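> Handing you this structure, nothing more for now.
The values are calculated or read from the model by the stated rules, or taken from the named source; none is laboratory data. Values in this document were obtained by computation on a predicted structure and should not be read as measured data. Note that each Cβ is placed from the backbone with ideal geometry, even for glycine, and that neighbours are counted across all protein chains shown. When the accessible area is computed, the model is the full protein with side chains, heavy atoms only, and any ligands, DNA or RNA have been set aside. Shrake-Rupley method; radii C 1.70, N 1.55, O 1.52, S 1.80 Å.
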Amino acid sequence: MKKKVVSVILAMTMVASMAMGCGSGSDTTTSDNSTTTTTNDAAASTEASDAADATADAANGDLADKKVGVCIYQFADNFMTLYRTDLEGYLKDMGYSVTIMDGKNDQNTQTEQINTFLQQGVDVLVINPVQTTSAQTITDMVVEAGIPLVYINREPDASEEQRWADNNWDVTYVGCDARQSGTYQGEMIADLGLDTVDMNGKIDYIMIEGDPENVDAQYRTEYSIKALEDAGLEVNCLDDQVGMWDQATAQQLVANSLSQNGNDIEVVFCNNDAMALGALQAIESAGRTVGEDIYLVGVDALSEALEDVLAGTMTGTVFNDHFSQSHSAADAAINYLSGAGNEHYIGCDYVKVTKDNAQEILDMVK
Ligand code: GAL
């Protein structure tokens, strides 16, 4: 019991010491890395038809004896659990042998898992890195072993992606541009109008961030606020804390912030839905009402969050399309196996979700 209390205090101290402080989110923002390599249209369409052929070959069993190794940064992550389940199902349905490892949010653990995959012999690796700053080391290990590599969800920085193109390596990234999700969050609040949200001429908000090492957290923090400013609204950050994508951590942080800032808080921005769900618990415990005296947005479109959007207990979320991302990642892996190859960046779009389209998205994800 005592041990548990100590570890909770330790965890809370760690989180507190990682607190970002208002306005510091943009300081951590990395350079623009939305696109790296493009091919001309003809090449792109050839790649697309090669990809279709590869998928057909796979379905016919020509490639289906190949082994796919998958490394996920942490199984205990709501969004990555949806992603992982889709990825596994999609590849297994095509007959591939798939092994998925849990990095347990520890880069050393994940690096050992990658080494084991390379020693045991896999034909392609799909990696959701624990730390994107380790991407260079990971790429070097995997390329050295002659194995193609598909990074997912956590985007390595622009200079790392440039190396893949410069060296013509079989390495790609599949994911959405996190700036778009942040922009959508800010727009959903701006669209409510200053008269609805505001009590004093400016938007007083708190920000609950995911892992600050991660570009999704950096960009969502920066671009949600930029969208408010771009809409001509004045903003005031009351608190900016790191919730590490985690519901329970966010609940605690928002409870603290609500007790410190009282009714001044008008908007709670959370970098993902798991944290927004925690924020909602804290908001309700503090006797505040979303949609009346406070507004709350997340990202991912978890089904629980969609139910909240429909019920009005969350203002909005942004659909992080795990179906299209996992299928694109699997298709990219297959393209390497078939020799069709890939561009070095494979993107996708987020979808803004309010009460108007939440049911449609819920029907899709359920
Ligand atoms: C984000 C997602 C978060 C979390 C994170 C992990 O794209 O919105 O919920 O899963 O990836 O890196």
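> Could you check the range 109-123 and list, in sequence order, the residues that are among the acidic types (Asp, Glu) and more than 12 Å from residue 148 (Cα to Cα)?
Of all residues in the range 109-123, those among the acidic types (Asp, Glu) come to 112, 123.
Listed by number, the list holds a single entry, 112.
> Related question: Taking only pairs six or more apart or across chains, which ones have beta-carbon atoms under 6 Å, a first residue in the range 63-85 that is free of Cβ contacts under 8 Å to residues at least 24 places away in the same chain, and a second residue that is more than 11 Å from the ligand (Cβ to nearest atom) and open to solvent by 50 Å² or more (accessible area, probe 1.4 Å)?
Pairs that qualify, where the first residue is free of Cβ contacts under 8 Å to residues at least 24 places away in the same chain and the partner is more than 11 Å from the ligand (Cβ to nearest atom) and open to solvent by 50 Å² or more (accessible area, probe 1.4 Å): there are none.
> Go through (1) surrounded by fewer than 24 Cβ atoms within 10 Å (Cβ to Cβ); (2) within 16 Å of the ligand (Cβ to nearest atom); (3) under 26 Å from residue 110 (Cβ atoms); (4) basic (Lys, Arg) for residue 220 and report which single condition fails.
(1)
> Okay, moving on. Which one is surrounded by the fewest Cβ atoms within 10 Å (Cβ to Cβ), of the residues in the range 193-216 that are in contact (Cβ under 8 Å) with a residue 60 or more places away in the chain and of a type in the set (A, V, I, L, M, F, W, C)?
Filtering first and then ranking leaves 199.
> With the condition being away from the ligand (no atom under 16 Å from the Cβ), open to solvent by 10 Å² or more (accessible area, probe 1.4 Å) and aliphatic (A, V, I, L, M), I'd like the helices (runs of 4 or more DSSP H) fully within the range 223-330 carrying at least 1 qualifying residues.
On the way: elements: 247-261, 273-285, 303-311.
Passing ranges, in order: 247-261, 303-311.
> Of the residues that sit in the range 71-93 and are open to solvent by less than 30 Å² (accessible area, probe 1.4 Å) and among the aliphatic types (A, V, I, L, M), which one is farthest from residue 303 (Cα to Cα)?
So, considering only residues that are open to solvent by less than 30 Å² (accessible area, probe 1.4 Å) and among the aliphatic types (A, V, I, L, M), the one farthest from residue 303 (Cα to Cα) is 91.
> Related question: Looking only at the range 198-221, filter to residues that are over 26 Å from residue 246 (Cα atoms) and not basic (Lys, Arg); which one of those is modelled with the lowest pLDDT?
Taking the range 198-221 and keeping what is over 26 Å from residue 246 (Cα atoms), we get 198-202.
With not basic (Lys, Arg) added as a condition, the list becomes 198-201.
Numbers: 198: 79, 199: 76, 200: 84, 201: 84.
Only one residue tops the list, namely 199.
> Let me ask you something else. Can we say residue 366 is more than 17 Å from residue 174 (Cβ to Cβ), within 16 Å of the chain's Cα centre (by Cα) and surrounded by fewer than 24 Cβ atoms within 10 Å (Cβ to Cβ)?
Values: more than 17 Å from residue 174 (Cβ to Cβ): yes; within 16 Å of the chain's Cα centre (by Cα): no; surrounded by fewer than 24 Cβ atoms within 10 Å (Cβ to Cβ): yes.
Here the answer is no, as residue 366 does not meet what is asked.
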